[in-house]
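Q: Got a structure for you, written out below as structure tokens; questions coming shortly.
Please treat every number below as a calculation from the coordinates, not as lab data. This is a predicted model, so every value here is computed, not measured. In this analysis, Cβ positions are derived from the backbone assuming ideal geometry, glycine residues included, and neighbour counts consider all displayed protein chains.
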Amino acid sequence: LGRETNKTPQKAAEAIIDVFGFGPIDDDALPGALTRLRKAFFIATEDRLNKNLQKFAAAQEAEADLQLLCAAEAQHAAWLYQLRMTRLTRVLLAAFSAVKRAHGWVDMNDVEQAAQMLLGESALSGWVQERLDARIAHLLIDEFQDTNPLQWHALYGWLSAYGGAVGRAPRVFIVGDPKQSIYRFRRAEPQVFIAAKAFVADVLGGDRLDCDHTHRNAMAVVRLVNQAMGAAQEAGEFDGYRAHTTERRDDGEVLKLPPIGRDAVGGAAGAAPADDGMLHWRDSLTTPRVLPEEQLLQKECEQAARWIAQRIADGTPPKQIMVLARRRSRLAAMQDALRELHIPTQQPEKNELHDAPEVQDMVALLDALVSPAHDLSLARALKSPLFGIGDDDLVQLALRQRAQPGTPWLALLGAGDLPNALAPLGETLHRWQEWLAALPPHDALDAIFHDGDVLARFGAAAPAALRQTVLSNLRGLLAASLEIDGARFATPYGLVRALRAGGVRAPAVTAPDAVRLLTVHGAKGLEADNVVLLDCDAAAPRSQTMGVLVEWKGGDAKPTRFVFMASEKTPPACATPLLEEEQRARHREELNGLYVATTRARERLVLSAVEPARQNEGSWWVRLERGCTPVEADEPLATPMINGGAAGSFSLKEAPAALPAALVLPSKGAAAVVKRPVAVDARAAAFGQAMHRLLEWAVPGEPLPKAHVRAAAREFLLDATQARDAALYAQRIRAGAGAWAWDERMIDWHGNEVTLVHGGEPLRIDRLVRHRETGAWWVLDYKSTAHPERDESLIAQMQRYRVAVQNANPGATVRAAFLTGQGELVSLE
């Protein structure tokens, strides 16, 4: 190669000399050597010769050897990756198991493994099977194609004991359809269905019955399904499909809406077109940033919503319409489009409570009351239906705050000379703030709901079609305040954080006459007269990263292979056959999903799509649209009148003249009086809250990460100096004389922000621990001041804490101490 005149072979020769010309290559230098050789011989993305070397015989001869070396290096790297991921997985599984044990939790995997142990382990199965024999004469397992290998192995452990038995075995019925297997993400495996069929026929002497006849779908729908699935089978993508027939004699319809073109949205994402056609900067305070892809999605949903409105205006009840999508995000946009037309909707699948706008409004109110400096939260609460304050009044409030820097909006609302709409709000908000400070979170929230007439105000603002959902979500917020941490230790701020963190389910609302919005997975087993399929022309899925490949045949008791896959674009040689099998199974499941989606329609099926950025020859749209009739979605001639009209009526209850008796707080004297707002230094309170937050992250001997300090500053609106001081105090407390209170060798129980009720008054303890050796309880309170023991009110507060803990633990020793920002532990004897 070095004798050639071209530069490319000369550089390849130089690379060979650099690598091999100075003796053997040690292990450490091998990766770098292969990298240099690959760069010299191969193209950038593939292990094959670049074009300039393909005509040289010496390079062609070297290609096979270099390919072998590169494959060996990739295999070795995959082996090392497998070892690392296995070690990490074992640690994660142990930690997850510890968390479940600590909380008394079990998950679905635990239930399945317990069933497998009870039915499959010889030491236990006999005892269990005797009791099952006495109780069960007939066993029906429906939707068997969704069974995973572990579930089948548990059933096999039970049923295999009846092999050859006469008169003793229960009658077993297994019902399933491999064409509807779409739950591989839950390890459902069609091979299990094949193994179960063979077992029932060969071991239990059962019969096999096939059915390709339906009572559900109109003839046009069945013809479309037969056309699409038959074509896939002829192309070798599918097997085992037999043409379907239907009992129904009506023809039905299969329609397609015009696909939304990629050019349907003009302009850049960050700019807005003006009347002169030029692009101008978007005002980020008034105009949301919407990406072109999101705008295309919105246009697709708006078009589908118009078609649905036409059907409803023509007399079709909303409950006879179902909208299906692959992803739940599509359904959220579709719900918004239908709400704009005042069409009632229902999402029976899992919904987050905090995603509801009315819940976000109420959480913003709580946030503003417990963190008075959070002006944006208060602005949202004021604009909500609870108060209905307009922008002009909020601008006036902002201007007053600008004239008094550092003064929160909540404090300004208590001042005089306010606009008429704002004038009465100060007393109300301060009263609610007192309730949050004095009552358990649920009781305070319930009082706010009653005093503010929350349900009636939000109900009056909601369209009639959405009113029940809005009210149900607000009632769900009240229920969530009891469910989070069992309502025992939740603080108002802890409740806000928990709700914003997500994971709290919205209550399911049964709407008797609403359009159902479902994912294809969620619609399995359901049907509707009219079905709209969104996102039919989705782009082909990309290669996955950071996944696993599992080989677990239907009849095997456990997996035979488990491979951690960093990237499917560059699989190790040993996993290539398994990856190809996995990709074939995914493709089969994609066709199964098409079958499930189309067969949900009893009478009419409608396709909707956005032109993809990357063409996908195997998309649902490509497979179905040739058999569908084009249809337009014009504006309906009349607005659908549902549940008595779009607006409806809703009455507000008369506001109470005085505070409810149950909410009058006891005073120190004999008479009960309403407490007046106490002036609170918002900056000092925010500093203390930031110090508490940073204490959760502090580690003795290690500086707090700057990212944590900045996060605390953003959350509590501190400047850089205040945030640094809060971090310094937190580190001193964690590393000072009270550091033992975080040492697991010294304590056997601990809790942060512990709430106790003493004498009808809720008390919040910064940290409560029990000393492992002495068994004594320690009540610890964080203070940024140097000498809290000189403040009589603080000492009296600590004594109340001590008495409350003593009442909860009779006979135990209870001690109290301040932990100061100077690192001292000041004990109160």
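Q: Quick check for me: using +1 on Lys/Arg Cβ and -1 on Asp/Glu Cβ, what's the dipole size of the range 677-801 about its Cα centre, in debye to the nearest 20?
A: For the range 677-801, the charge dipole is close to 300 debye.
Q: Nearest 10 degrees is fine. How inclined is helix 492-501 to the longest principal axis of the chain, computing both from alpha carbons?
A: The helix 492-501 is inclined about 10 degrees to the chain.
Q: Given 0.36 nm per residue, what is the gain on full extension from Arg327 to Lys569 after removing their alpha carbon distance, in nm?
A: Extra length available between Arg327 and Lys569 comes to 84.7 nm.
Q: May I ask you to derive the FRET efficiency for Lys11 and Met546 from their Cβ-Cβ distance with R0 = 35 Å, giving the value to the nearest 0.05?
A: Between Lys11 and Met546 the formula returns 0.45.
Q: Charges on Cβ only, +1 for Lys and Arg, -1 for Asp and Glu, centred on the Cα centroid of the range 388-511; of Leu413, Ala501, Thr469, which one is farthest towards the dipole's positive end?
A: So the residue furthest toward the plus end is Ala501.
Q: Just to confirm the filter: which trypsin sites (Lys or Arg not before Pro) across the range 350-397 are DSSP coil and have at most 15 other Cβ within 10 angstrom of their Cβ?
A: Lys350
Q: Count neighbours as other Cβ atoms within 10 Å of each site's Cβ, and list the GluC sites (Glu not before Pro) in the range 144-250 that are DSSP loop with at most 10 such neighbours.
A: Answer in residue order: Glu247.
Q: Between the range 783-812 and the range 396-433, what is the C-alpha centre distance in whole Å?
A: After rounding, the separation between the Cα centres reads 35 Å.
Q: Mind putting a number on the dipole of the chain about its Cα centre? Charges go on the C-beta only, +1 for Lys and Arg and -1 for Asp and Glu, and I need it in Debye to the nearest 20.
A: The dipole magnitude comes to about 960 debye.
Q: Additional query: Computed over the Cα atoms of the range 752-797, what is the ratio Rg over Rh, Rh following Kirkwood?
A: The Rg/Rh ratio comes out at 1.01.
Q: Among Gly240, Ala188, Val826, whose Cα lies farthest out toward the positive end of the dipole of the chain, if unit charges sit on the beta carbon of Lys, Arg (+1) and Asp, Glu (-1)?
A: Of the candidates, Val826 comes out farthest on the positive side.
Q: I would also like to ask the following. Long-range amide H contacts for Arg216: which residues qualify at under 5 Å (H placed 1.01 Å from N, peptide plane, sequence gap of 5 or more or a different chain)?
A: Placed amide hydrogens put Glu247 under 5 Å from Arg216.
Q: Of the labelled options [x] 34.4, 123; [y] 34.0, 109; [z] 27.6, 92, which one gives Rg and Dmax of the Cα atoms in Å as computed for this structure?
A: Here Rg and Dmax of the Cα atoms in Å agrees with entry [y].
Q: Shifting gears a bit: Can you flag which of Lys299/Lys383; Lys100/Lys553; Lys39/Lys569; Lys179/Lys553 are past 23 Å Cα-Cα?
A: Numbers: Lys299/Lys383 28 Å; Lys100/Lys553 30 Å; Lys39/Lys569 19 Å; Lys179/Lys553 18 Å.
Exceeds cut-off: Lys299/Lys383; Lys100/Lys553.
Q: Looking at the chain, what % of its DSSP beta bridges pair antiparallel, to the nearest 5?
A: 45 percent
Q: Name the residue farthest towards the positive end of the dipole of the chain from the options Leu605, Leu124, Pro440, assuming +1 on Cβ of Lys and Arg, -1 on Cβ of Asp and Glu, about the Cα centre.
A: About the Cα centre, the residue reaching furthest to the positive side is Leu124.
Q: Run the numbers for Ala557 and Gln822: contour at 0.36 nm per residue of separation, minus the present Cα-Cα distance, in nm.
A: Here the segment from Ala557 to Gln822 would lengthen by 89.3 nm.
Q: For Lys706 and Arg186, what does the FRET efficiency come to when R0 = 45 Å and r is the distance between their Cβ atoms, rounded to the nearest 0.05? Spell out each step's value before the answer.
A: Details: r = 42 Å, r/R0 = 0.92.
Using R0 = 45 Å, I get an efficiency of 0.60.
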